[in-house]
Amino acid sequence: MIDNAGDFLGRVTFVTGPEKHCGKTTLMNRAAQLARRGAREAGLAGPALLTVGYDGEARDFLSGARKPAVPVAAGDVVVTTERFARPCSPEILDVLPGSCALGRLCVARARRAATVALVGPEGNSLVAWAVRRIVDEGLTGTVLVDGAINRITQAASIPGARFVYALRADGAGLERAVARVRRMATLARLPVADPPLDCAGGSGAGLGGDAGQYALEGALTAETAARLPRWASSVIVEDFTKVFLSDQELSAFMRGRELLVARRIEFGGFVVACRGVSDAEFASRLADDSIAALVSYNPYEVAEGRAA
């Protein structure tokens, strides 16, 4: 279950999900709460909080839906604009290259507890720059990134980073949510090629029909899958974020060929918030105990229930 400080302390964790309002910010807030408590007990620095794009506003700009705020404590590190960091009396530590529509982004340390709006870079390269700046300069080793919708590629931009996957499941979308969990579990557990291969060395760096291995440069899509040579019994992609096949397409592909990755991105598990369906029903629909073992059911709500 993803609900203790050890799950987050001393590591970079991307909180990702398939759509808006799937619970990413709520999960990040819970993770930050746990990490602060664990850091105090261990005498370590508190967490750093980042987002991709804009988060922490009271309501979503597009839908108007109420969104969870982002509370910070004194000592936390945040990436946002100076304007949005003001409530926490920030100590500005650095500025990011360039600027966004809401102003210049900065790395700041909160000097008092407050609720802030996080603003972050959109591109993977600047996300990686901010994380490296925080970790390499020793500001903190615990970094939580509220990832953009369905953009797990960000986790691939930081060596050693891991990701957790948050999503909501309701009666109308139950089968879609189950399919998403199955697909992501399959991708996260793809075996690593041995020996590791460079998938960026050329267009289709095949190893030959005898070996049967084919290192694919770029994305694995329905189109590129159709163009693979017949002798390629094993296909190697750089990492699982390069796979753009639906749950059904992926299952069909793996019935005919072995799918491997050149490098693995660490997976922390799923956090599912069930609405109108029970946790037990969701687990039963997965019909796979090994996948069900990777699922936590909204530990934030469980914790709130214990405290009530």
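The values are calculated or read from the model by the stated rules, or taken from the named source; none is laboratory data. All values reported here derive from a predicted model rather than from experimental measurement. Cβ placement follows ideal geometry from the backbone for every residue including glycine, while neighbour counts extend to all protein chains displayed.
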Inset, instruction - For the stretch 217-241, name all the residues that are assigned to a loop (DSSP other than H, G, I, E, B), within 29 Å of Pro159 (Cβ to Cβ) and more than 25 Å from the chain's Cα centre (by Cα). - result: Leu228, Ala232
Legend entry - Every pair of residues 6+ apart whose Cβ atoms lie under 6 Å, when the first sits in the stretch 167-182 and is small (Gly, Ala, Ser) while the second is assigned to a helix (DSSP H, G or I): Ala169/Ala177; Ala169/Phe282; Ala179/Asp247
Legend entry - Odd one out for Arg132, checked against (1) farther than 21 Å from Gly10 by Cα; (2) at pLDDT below 95; (3) basic (Lys, Arg): (1)
Inset, instruction - State all residues of the stretch 99-112 that are part of a loop (DSSP other than H, G, I, E, B) and either touching a residue at least 60 places away in the same chain (Cβ under 8 Å) or within 20 Å of Ile134 (Cα to Cα) (or both); if no residue qualifies, say none. - result: Ser99, Arg104, Ala110, Arg111, Arg112
Legend entry - Number of the exception - Phe253 against (1) among the aromatic types (Phe, Trp, Tyr); (2) at pLDDT 95 or above; (3) within 29 Å of Asp3 (Cα to Cα): (3)
Inset, instruction - Run down Pro196, Pro159 and say which single residue is assigned to a loop (DSSP other than H, G, I, E, B) and either in the same structural domain as Ala130 (by TED's automatic domain parsing) or at pLDDT 95 or above (or both). - result: Pro159
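Are any of the residues in the stretch 274-281 under 30 Å from Gln213 (Cα atoms) and small (Gly, Ala, Ser)?
no
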Inset, instruction - Considering only the stretch 256-268, state which residues are among the hydrophobic types (A, V, I, L, M, F, W, C) and outside any strand (DSSP E or B). - result: Ala262, Ile265
Legend entry - Residue that is nearest to Val12 (Cα to Cα), among those in the stretch 256-270 that are of a type in the set (D, E, K, R) and at pLDDT 95 or above: Glu258
Inset, instruction - Kindly check whether there is at least one residue in the stretch 294-302 that is of a type in the set (Phe, Trp, Tyr), assigned to a helix (DSSP H, G or I) and modelled with pLDDT under 90. - result: yes
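Assess whether Ser290 counts as being among the hydroxyl-bearing types (Ser, Thr, Tyr), at pLDDT 90 or above, surrounded by fewer than 16 Cβ atoms within 10 Å (Cβ to Cβ) and under 25 Å from Ala161 (Cα atoms).
Here the answer is yes, as Ser290 does meet what is asked.
Could you list all residues from the stretch 245-255 that are crowded, with 16+ Cβ neighbours inside 10 Å and outside any helix (DSSP H, G or I)?
Start the filter on the stretch 245-255 by keeping residues that are crowded, with 16+ Cβ neighbours inside 10 Å, which leaves 245, 247, 249-250, 253.
The one that is crowded, with 16+ Cβ neighbours inside 10 Å and outside any helix (DSSP H, G or I): Leu245.
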Inset, instruction - Could you grab me the full set of residues in the stretch 8-27 that are outside any strand (DSSP E or B) and closer than 15 Å to Met184 by Cα? - result: Gly17, Pro18, Glu19
